[in-house]
1. What number comes out for the charge environment of S85, summing +1 per Lys or Arg and -1 per Asp or Glu over other residues with Cβ under 12 Å away?
2. For a Förster distance of 22 Å, can you work out the FRET efficiency between the beta-carbons of I83 and K2, rounded to the nearest 0.05?
3. Modelling each spin label as a point 7 Å along the Cα-to-Cβ direction, I'd like the R33/V98 distance in nm, to one decimal.
4. Amide H of Y32: which non-local residues (sequence gap of 5 or more, or other chain) have their own amide H closer than 5 Å, using H built in the peptide plane?
5. Check the straight Cα-Cα distances from K3 and name the lysines below 26 Å, setting aside those fewer than 8 residues away within the same chain.
6. Tell me which lysines have Cα within less than 18 Å of K34's Cα, excluding those fewer than 8 residues away on the same chain?
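Rule-based calculations on the coordinates, nothing more; no lab input. Quick caveat: nothing in here was measured; it's all calculated off a predicted structure. Here Cβ is always computed from backbone atoms with ideal geometry, including for glycine, and neighbour counts include all displayed protein chains.
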Amino acid sequence: MKKFTIFAMLFAFLAVGFILTAPQEASAQGYYRKVHRRGRSFWVPTRKPSFYRRHRNVINIAAATGGGALLGGIIGGRKGMLIGSGIGAGSGALYTYVLKPKKRHYRKIPRHYHRQYRRW
């Protein structure tokens, strides 16, 4: 059982590593942000948001869940780990969605819409 658990963890780390190191789109085409200037709204091209900024909610909740599971496991064993992970997930969701919500909204606009949003 111990060998299987270690093998599964190593396989998961390897799979995530392959996903993160896959080639990504280098161009900034398609990412636009709505800007208000002089009483008018414009879609301005922007750089692709960072990995953390795009997946911030999931990363924060996962980190809080892991921390809660670690503390619960140290304090109360297996049952404490389950309780701690639940409390950590709840507190991570509270922090992410209620206390510090996202302020910027990026939208990927399909290529055929670009012409009507350009103002220059």
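1. On the way: positive: R78, K79; negative: none.
Spelling it out: positives minus negatives among the neighbours equals +2.
2. On the way: r = 24 Å, r/R0 = 1.08.
Once rounded, the FRET efficiency stands at 0.40.
3. In this crude spin-label approximation the distance works out to 2.9 nm.
4. Residues meeting the amide H criterion: T46, R107, I109.
5. Reachable lysines: K79.
6. K48, K102, K103, K108
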